[in-house]
1. What lysines could a cross-link reach from LYS524, if we take a straight Cα to Cα line under 17 Å and drop same-chain neighbours fewer than 8 places away?
2. GLU337 versus ASP97, label points 7 Å from Cα toward the beta carbon: distance in nm?
3. Considering every Cα-Cα pair within segment 439-555, what fraction, in whole percent, is farther apart than 21 Å?
4. Using +1 on the beta carbon of Lys and Arg, -1 on that of Asp and Glu, and nothing else charged, what's the dipole of segment 319-394 about the Cα centre, debye to 20?
5. Of PRO104, PHE120, LEU405, which is farthest along the charge dipole of the chain in the positive direction, counting Lys and Arg as +1 and Asp and Glu as -1 at C-beta?
6. With unit charges on the beta carbons (Lys and Arg positive, Asp and Glu negative) and the dipole taken about the Cα centre of the chain, which residue among MET423, LEU274, VAL226 sits farthest to the positive side?
7. Ignoring any ligand, DNA or RNA, what whole percent of the accessible area of segment 499-569 comes from carbon and sulfur when the probe is 1.4 angstrom?
8. Over the chain, what relative contact order in percent results from Cα pairs under 8 Å that are six or more residues apart?
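The values are calculated or read from the model by the stated rules, or taken from the named source; none is laboratory data. Predicted model, so just to flag it, every value in this text is computed and none were measured. FYI the Cβ positions are ideal-geometry reconstructions off the backbone, even for glycines, and counts take in every protein chain you see. For accessibility, only protein heavy atoms count, side chains too; no ligands or nucleic acids. Shrake-Rupley method; radii C 1.70, N 1.55, O 1.52, S 1.80 Å.
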Amino acid sequence: MDPFDASGSVQNEEEPRCPWDRFSSWLECVCVVTFDLELGQAIELVYPQDVKLTEKEKTSICYLSFPDSYSGCLGDTQFSFRLRQSVGRRRSRFNDDVYNRDAPVTLLRETSHFFGFVYFRQVKDVSVKRGYFQKSLVLVSRLPYTHLFHSLLQIIAPEFFEKLEPCLEAVCNEINQWPLPVPGLTLNLPLMGVVLQVRIPSKTDKPGGSPVKAVNRENLLPAPTVLPTIYELDLFKCFQSVLIHLQMLWELMLLGEPVVVMAPSPTISSETVLALVSCISPLKFWCDFRPYFTIHDSEFREYTTRTQAPPNILLGVTNPFFIKTFQTWPHIFKLGETKMAGDLPKQVKVKKLSKLKTLDTKPGIYTAYKTFLHKDKILIKRLLKGFQRKRPSEVQSAILRRHLLELTQSFIIPLERYMASLMPLQRSVTPWKTPPQIQPFSQDEFMSTLDHTGPQLTSVLKGDWMGLYRKFFRSPNFDGWYRQRHREMTQKLESLHLEVICDADLLGWTKDKSEVEIVDLILKLREKLNKARRQQLQVKDRVLDKLDAFITSIISSLPADLQTILNIH
């Protein structure tokens, strides 16, 4: 059956329970931030109007939605930010569990942060006291769909700055008609006379698979505009001045080292930070990261204290004041506008941290870090030659992304292989016993497997892979990866246990058992069923229904007083 109807919505979806359920499956809200002479930056409008942002969140959005005065951004500017949600905030109206179960780990819906996607306009306007019209349109979401949301802003913002609030209301109502972002589906998203066709990535996708092709299931008018990706950036554009240091950047991200990116504008700052985070995909970057960070941020004091070591965080900043503030940090990338050296992008140099000066610091990577692995000179030569031959940026980015993907996979496959060996055998899962435990992860045992099944099987890069693994084990990225894999394996064991229980002769087991034992079985089965539904466990078809039916039939065979008690509970 065709899963699309004429509007591009998915059939048989769970119907929304609240008026804005479909909207909130994509966006938390849309904000308009303006510059007020007396108040400074201020939120002019939040839509839908019933969205409750805390005062702290509103203040953060205000400051993060405007480039700071050092950037000198005239005209239209787009950039991204990420902010921490207030403690105790009500969970989103959308059911995260189903989406997060099927989405790639790098594209999970955030539970404790918001992303902000900004379209800022600053133009001369003699009717305004300061002489400039300054306003930002901001899409706030828990989804890291950078390319999709910036594409939406390019459609919405020009119209919004002319028609203001009525335009915004119409846009939000249109988004509220969209299908839910279900991983694995290709969706048609109508907006302001345009239809965007997007594919929502799934965790079952092959990493580095081919881009989205048009799927015109109906004779849609207008014909859909296909977005080949909803989240990927132009990696080559972001990294063209640091190509010779790619190996260092990849290792620093893999190890979750504290890094500050100092850029001339919020656009370069946010794109560079998001590109760095993505360069260890399909491994998730488990540390905190802020694509654009200002001195007004509520975490400013927390991140700049000198009484303790810098936190494992990646910060993007534009204010030169930060050079003085972050002088104790181990890795600082100072970026300028890309300059040319002949017909090639000029490559920045690695410099000693002691060379950091205030305000007039030259572009460079200020660090004492020494890479564990050697750089791939063939890749660098290929990319630079491609630039000379005017190879399209998207092709250069694809080459770069493929290299980084293969490098990360070479590193992570031995870990995945060892982790899989810790899973109990399927035949050890029996209906009458608690599922067996996953064996503990032994770093020494893992290291002993590397001689035969290490990254040298899939990567040509030479160097100290052992040293890199040892340092990785001390990083938040290892902790996050291990917890995620352990959780998935535990859920797999739970699913297997439910399936073997379902196949067992439960009725036969109850025949010679006391009422106490039978009631105990019913309560345990109910608990397992509730947990399976709560965690959206993936089990074979009809397993849960069959167990439900078994519980009902067993209860009906018990005395009336017990039936009453069990049916109440």
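1. LYS433, LYS513, LYS546
2. 5.3
3. Result for the distance tail: 57 percent.
4. 340
5. LEU405
6. Result: LEU274.
7. Solvent-exposed carbon and sulfur of segment 499-569 make up 52 percent of the total.
8. 12
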